[in-house]
1. Any residue at all in region 8-30 that is in a helix (DSSP H, G or I) and of a type in the set (A, V, I, L, M)?
2. Do we find a residue being out of contact with any Pro (no Cβ under 8 Å at 6 or more places or on another chain), surrounded by 11 or more Cβ atoms within 10 Å (Cβ to Cβ) and basic (Lys, Arg) anywhere in region 35-45?
3. Please work out which residue is modelled with the highest pLDDT, limiting yourself to region 75-90 and to residues that are under 30 Å from ALA2 (Cα atoms) and part of a loop (DSSP other than H, G, I, E, B).
4. Looking at (1) of a type in the set (Lys, Arg); (2) surrounded by 13 or more Cβ atoms within 10 Å (Cβ to Cβ); (3) modelled with pLDDT under 90, which is the one condition that is false for ARG102?
Amino acid sequence: MAPRSRLKGLTKRYGKRRGVDDVSFAVRPGEICALLGPNGAGKTTTMRMLVGLSRPDHGSARLLGQPIRLAAEVLARVGVVIDGPAFVPPQRLAQPTAPVARRRSELAAARPG
């Protein structure tokens, strides 16, 4: 079976530092792939290159047999959640939970008896 995703020789540099160095792998139908490693290992950078959010300095990525580039049509057929400061602004626990707590109080106050 042909791979659903394939990375060949992906490399991404930030100045003189290599964030990702010659990463290659393929994921076939029915397989699950996990990128594991410590902070700064290149997991997010690899995912960003795989879905066209970042351009590799070297190498290539393909999804569903199609080459990946920014706004590639194939990207409409895949989903990804990348957690990072560019997507999630820093918040304290009270900020995202305050609307839920407020609504619970409103519902409790509106209950009869």
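1. Our first condition is that a residue be in a helix (DSSP H, G or I); within region 8-30, this holds for none.
Within region 8-30 (the criterion being in a helix (DSSP H, G or I) and of a type in the set (A, V, I, L, M)), the answer is no, since none of the residues qualifies.
2. Here is the first cut: in region 35-45, the ones out of contact with any Pro (no Cβ under 8 Å at 6 or more places or on another chain) are 35-45.
Now drop any that are not surrounded by 11 or more Cβ atoms within 10 Å (Cβ to Cβ), which leaves 35, 41-45.
Restricting the remaining residues to those that are basic (Lys, Arg) gives 43.
Yes, that holds for at least one residue.
3. Among residues in region 75-90 that are under 30 Å from ALA2 (Cα atoms) and part of a loop (DSSP other than H, G, I, E, B), the one modelled with the highest pLDDT is VAL78.
4. (2)
Per-residue answers, yes or no, for (1) at pLDDT below 80; (2) surrounded by 11 or more Cβ atoms within 10 Å (Cβ to Cβ); (3) over 27 Å from the mean Cα position of the chain (by Cα):
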| position | (1), (2), (3) |
| --- | --- |
| HIS58 | no, yes, no |
| LEU63 | no, yes, no |
| GLU73 | no, no, no |
| ARG92 | yes, no, no |
| ARG111 | yes, no, yes |
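The values are calculated or read from the model by the stated rules, or taken from the named source; none is laboratory data. If you're wondering where the values come from, they're calculated on a predicted model, not measured in any experiment. All Cβ positions, even for glycine, are placed from backbone atoms using ideal geometry, and neighbour counts span all protein chains on display.
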